[in-house]
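Below is one structure, written out as structure tokens; the observations come after it.
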Amino acid sequence: MSTFGVATNTNPNKSYELIQPPSDSISSLCFSSKANFLVATSWDNQVRCWEIMKNGTVLNSTPKASISHDQPVLCSAWKDDGTTVFSGGCDKQVKMWPLTSGGQPMTVAMHDAPIKDLAWIPEMNLLATGSWDKTLKYWDTRQPNPVHTQQLPDRCYSLTVKHPLMVVGTADRNLVVFNLQNPQAEYKRIVSPLKYQTRCVAAFPDQQGFLIGSIEGRVGVHHLDDSQQGKNFTFKCHRENNEIYSVNALNFHPVHHTFATAGSDGAFNFWDKDSKQRLKAMQRCSQPIPCSTFNNDGSIYAYAVCYDWSKGAENHNPATAKNYIYLHLPQESDVKGKPRAGAMGRK
């Protein structure tokens, strides 16, 4: 019997299974904004890329290339032109991989502790890296030293950018907000509206606020403008009776601006924050979902299914702990916002 609920099926939603997945747990997923190239990072020290072919509702995948770090890789991001992948992790460095040209990876960023998250900021032509060394650094990838080093109140757990908004979630429930038009000063520092440790953050597509997910099966919807504070709310998710699971990933749909949550309960759900409703609940997989992402047009939702160590080493069975990456084709009705029943005519 599975430790995670009674489900033993890793693919109850009949998603497409990516071929040749990583050999250890998957830490991040990201799609190119220019084509259906999917990158995954893993605790097996590898960064891998697949090409995804989509023909109507038929999907196929081809492994394209991979590179190695010296230690587990925790985060990844594509450059906006679709040529280059950035990856960072426990070896305390970021590698820049000119994947589409077949070039060799080179180190472009360094920290004093593992790098937990990163983002490419096309409007500034800079890379932002957040580390457990309690700093955020901005890098011009042509220069060996950071353009700026910003002290954080604690270890970086997650960061999100929608220029000019950047939000960094750190240990001790700090949320540090930056206006990237003045990146060397904190715009605002907020204590998380959630009572427990921050796991993920996602900037609103309109830059007016952000989502935050915690280890306690709850998501906060937070607006930055003081006049909009009445619109803030939190909601419970990724819970099963008395079992409460971490919210591991928050992804906005690139077209409809609804969002997906994925959790350690093995489920992913689609939500509309504006009408405060869940659009679609998917079946629980038999292992946690540690990370997920939409492709550039939102027609593919990729998610990893693997053990995330949230129940400790004693619940890790190497014989059954396989790692999967699945591709889900959401129905438009699952990801398109709709007014709440009875709310017609309301502004």
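The values are calculated or read from the model by the stated rules, or taken from the named source; none is laboratory data. This structure is a prediction, so every number in the text was calculated from the model and none was measured. In this analysis, Cβ positions are derived from the backbone assuming ideal geometry, glycine residues included, and neighbour counts consider all displayed protein chains. These accessible areas exclude ligands, DNA and RNA; they are computed on the full protein's heavy atoms, side chains included. Shrake-Rupley method; radii C 1.70, N 1.55, O 1.52, S 1.80 Å.
Tabulated results
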read-out: Any hit, the stretch 90-101, residues being over 25 Å from S299 (Cβ atoms) and touching a Cys at 6+ places or on another chain (Cβ under 9 Å); value: yes
read-out: Residue that is farthest from A171 (Cα to Cα), among those in the stretch 99-116 that are within 22 Å of the chain's Cα centre (by Cα) and open to solvent by 20 Å² or more (accessible area, probe 1.4 Å); value: L99
read-out: Residue match in the stretch 85-100 (condition: under 26 Å from W50 (Cβ atoms), at pLDDT below 95 and among the polar types (S, T, N, Q)); value: yes
read-out: Those residues of the stretch 55-83 which are open to solvent by 50 Å² or more (accessible area, probe 1.4 Å) and among the aliphatic types (A, V, I, L, M), in sequence order; value: V58
read-out: Residue identified as modelled with pLDDT under 95 and either aliphatic (A, V, I, L, M) or touching a helix residue (DSSP H, G or I) at 6+ places or on another chain (Cβ under 8 Å) (or both) among A343, A281, A260, A304; value: A343
read-out: From the options W50, W43, residue that is of a type in the set (F, W, Y), modelled with pLDDT of 95 or more and open to solvent by less than 10 Å² (accessible area, probe 1.4 Å); value: W50
read-out: Filter result (closer than 11 Å to L175 by Cβ, open to solvent by 20 Å² or more (accessible area, probe 1.4 Å) and touching a Pro at 6+ places or on another chain (Cβ under 8 Å)) within the stretch 190-233; value: H222
read-out: Qualifying residue in the stretch 161-181 (condition: open to solvent by 70 Å² or more (accessible area, probe 1.4 Å), out of contact with any Pro (no Cβ under 8 Å at 6 or more places or on another chain) and not charged (D, E, K, R)); value: no
read-out: Residue in the stretch 267-277 that is touching a strand residue (DSSP E or B) at 6+ places or on another chain (Cβ under 7 Å), closer than 16 Å to W50 by Cβ, outside any strand (DSSP E or B) and open to solvent by 20 Å² or more (accessible area, probe 1.4 Å) present; value: no
read-out: Subset of the stretch 137-162 [within 18 Å of the chain's Cα centre (by Cα) and more than 16 Å from W78 (Cα to Cα)]; value: R155, C156, Y157, S158
read-out: Those residues of the stretch 7-35 which are within 17 Å of Q287 (Cα to Cα), assigned to a loop (DSSP other than H, G, I, E, B) and among the β-branched types (V, I, T), in sequence order; value: T8, T10
read-out: Residue list for the stretch 294-322, filter: among the polar types (S, T, N, Q) and open to solvent by 20 Å² or more (accessible area, probe 1.4 Å); value: N296, S299, S310, N315, N317, T320
read-out: The stretch 234-254 - residue that is closer than 26 Å to S33 by Cα and either in contact with a helix residue (DSSP H, G or I) (Cβ under 8 Å, 6 or more places away or on another chain) or free of Cβ contacts under 8 Å to residues at least 60 places away in the same chain (or both) and, of those, surrounded by the fewest Cβ atoms within 10 Å (Cβ to Cβ); value: P254
read-out: Residue count, the stretch 119-130 (criterion: surrounded by 24 or more Cβ atoms within 10 Å (Cβ to Cβ) and either closer than 13 Å to Y157 by Cβ or of a type outside the set (A, V, I, L, M) (or both)); value: 2
